[in-house]
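Quick notes on the structure that follows.
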């Protein structure tokens, strides 16, 4: 039964990443160093926007389901933070990059998504009892913040896709760990 429950959180990771990979593969114009991932979800300029935005919205929904059904067992703060992460991921898909339609709303929901990832890492660090597992997420968060500073202030790299992907990959092991811990309770 517990291994069956693990399918939902794993799908919440796999589906968005697979849809991102498919979108990149089908978009010869996309350059990982000079584009943001959200360029793939632009409803007017990207033919793969349905694939990309579907992946983000379904992934966000599954993250929320994971938070309220599994992660809640690990504690309310982690469940709330994870739910916010899922919801903001859905918002990134809903409010795509079409600026004449949404203004800067896409930018702000993207910022909220990445801040929610950072918040989840901090909460994970606070609730875990293992000393190494307390330090590791914060150290990786510092790396992620450094990458965002390089991108935002020095345009290294010129596009946001690399800091976006690294930020996502940083949190995955801790997300899986908290799910496994919660399933044991």
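What is the one condition in (1) more than 14 Å from the chain's Cα centre (by Cα); (2) farther than 27 Å from residue 34 by Cα that residue 83 does not satisfy?
For residue 83, the exception is condition (1).
Taking residue 21 and the conditions (1) in a helix (DSSP H, G or I); (2) touching a residue at least 12 places away in the same chain (Cβ under 8 Å); (3) closer than 19 Å to residue 161 by Cβ, which numbered condition does it fall short on, given that it satisfies the others?
Of the numbered conditions (1) in a helix (DSSP H, G or I); (2) touching a residue at least 12 places away in the same chain (Cβ under 8 Å); (3) closer than 19 Å to residue 161 by Cβ, the odd one out for residue 21 is (2).
Hey, which of the helices (runs of 4 or more DSSP H) in region 70-185, taking only ones fully inside, have at least 1 residues that are at pLDDT 95 or above and under 16 Å from residue 9 (Cα atoms)?
Result: 76-94, 105-127, 161-184.
Just wondering, is there one or more residues in region 46-54 that are without any contact (Cβ under 8 Å) to a residue 60 or more places away in the chain, under 17 Å from the mean Cα position of the chain (by Cα) and crowded, with 22+ Cβ neighbours inside 10 Å?
Yes; the residues of region 46-54 include at least one that is without any contact (Cβ under 8 Å) to a residue 60 or more places away in the chain, under 17 Å from the mean Cα position of the chain (by Cα) and crowded, with 22+ Cβ neighbours inside 10 Å.
Residue-by-condition table, conditions (1) in a helix (DSSP H, G or I); (2) surrounded by fewer than 14 Cβ atoms within 10 Å (Cβ to Cβ):
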{"residue": "3", "(1), (2)": "yes, yes"}
{"residue": "6", "(1), (2)": "yes, no"}
{"residue": "15", "(1), (2)": "yes, no"}
{"residue": "28", "(1), (2)": "no, yes"}
{"residue": "35", "(1), (2)": "no, no"}
{"residue": "38", "(1), (2)": "yes, no"}
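The values are calculated or read from the model by the stated rules, or taken from the named source; none is laboratory data. In this text, all values refer to a predicted model and were calculated from it rather than measured experimentally. Neighbour counts run over all protein chains shown; Cβ positions are idealised from the backbone, glycine included.
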